[in-house]
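Below is one structure; the comments refer to it alone.
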Amino acid sequence: MRRAALTSKGRVEWAAYDRLAASLLEPLDAKQRERLVAAMGEVERLLRASAVDIVFESPPSADARWCLDCYFRELAERFESGFDSAEDPSAPEEELTPPAGRFVVARLKSEPVGCGALKRVDETTGEIKRVWTAPSARGLVVARRVLQKLEAAAREASLTILRLDTNRALNEAHALYRKEGYREIERFNDNPYAHHWFEKWL
């Protein structure tokens, strides 16, 4: 196992940081220190969130495939009945590339951390598919930004209605969609893994 050690200069700088931190915390009581630490954590999350880049990408790309593979593995773990992508052929690659649809990859410091897709159903209707965020990037509103990027692409394609389906195990997805203006509707497909169906007018 390799070990890293500070140089003499590094130890001096580390000690200076320690003194600075102590000088900031010393005048504060315990509750104020908790608030400061929480605020610093929030600043760190916001800075990380601002570094997330969301771009259109081809579904067969290496980063897109990595995201989809991770997404499918997570579904297999979380769904009561497991998940087999072969049983949900509702989003083939050719339907997620222009002009039929779009695919986006979210990256943080050049590393893929999320994805999502839009496919055209008819002249006015599109469907949101494969929205996923890596565990390491959760809390950075990646899924919301992916969804908003896909909605913008839908508007550019003159779509006026967006639909999506989701499994009952994905509570955080239900909350996101409702917060973004989607309303629950009757079943509109035969996806064996879906329990909830949503729609939004753009």
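List, in the order given, every pair from Lys119/Lys200; Lys129/Lys179; Lys109/Lys129 whose Cα-Cα distance in the structure shown is over 21 Å.
Lys109/Lys129
A dipole drawn for the stretch 53-201 from +1 and -1 charges on Cβ atoms has a positive end, and of Gly139, Thr166, Pro60 the residue lying farthest that way is Gly139. Between the amide H of Ile185 and those of Trp197, Phe198, Glu199, distances stay under 5 Å, these residues lying 5 or more places away or on another chain, with hydrogens modeled in the peptide plane. Applying both filters, DSSP loop and at most 11 other Cβ atoms within 10 Å, to the trypsin sites (Lys or Arg not before Pro) of the stretch 99-170 gives Lys109.
For the stretch 185-191, backbone phi angles converted through the Karplus equation (6.51, -1.76, 1.60; θ = phi - 60°) give residue-by-residue couplings of 10, 6, 3, 10, 8, 10, 4 Hz, Gly and Pro being listed as x. By the count of neighbouring beta-carbon atoms within 10 Å, fewest first, Trp201, Trp66 end up ordered Trp201, Trp66. Placing R0 at 35 angstrom, the Cβ-Cβ distance between Glu26 and Arg144 gives a FRET efficiency of 0.35 after rounding to 0.05. Amide H to amide H, with H built 1.01 Å from N, Val131 comes under 5 Å of Ala117, counting only residues 5 or more places away or on other chains. Per-residue Karplus couplings for the stretch 167-177, computed as 6.51 cos²θ - 1.76 cosθ + 1.60 with θ equal to phi - 60°, are listed in order as 8, 5, 6, 8, 4, 5, 5, 4, 5, 4, 5 Hz, Gly and Pro entered as x. The phi torsions of the stretch 89-95, fed into the Karplus equation with coefficients 6.51, -1.76 and 1.60 and a -60° offset, translate into couplings of x, 7, 9, x, 3, 5, 8 Hz, rounded to whole numbers, with Gly and Pro shown as x.
Using a simple spin-label model with pseudo-atoms 7 Å out from Cα toward Cβ, Ser61 and Glu186 lie 4.0 nm apart.
Using 0.36 nm times the number of residues separating Glu87 and Thr124, minus their current alpha carbon distance, what extension gain do you get?
Numbers: separation 37, 0.36 × 37 = 13.32 nm, distance 2.67 nm.
That pair, Glu87 and Thr124, stretches by 10.7 nm at full extension.
Summarising the amide proton neighbourhood of Val121: residues at separation of 5 or more, or on other chains, whose placed amide H is nearer than 5 Å comprise Gly126, Glu127.
Working from label points 7 Å from Cα in the Cα-to-Cβ sense, the Asn171 to Asp53 distance is 3.6 nm.
Just so you know, all these numbers are worked out from the coordinates, no wet-lab data involved. Computed from a predicted structure; not experimentally measured. Neighbour counts are summed over all protein chains in view; Cβ atoms, including those assigned to glycine, are modelled from backbone coordinates with ideal geometry.
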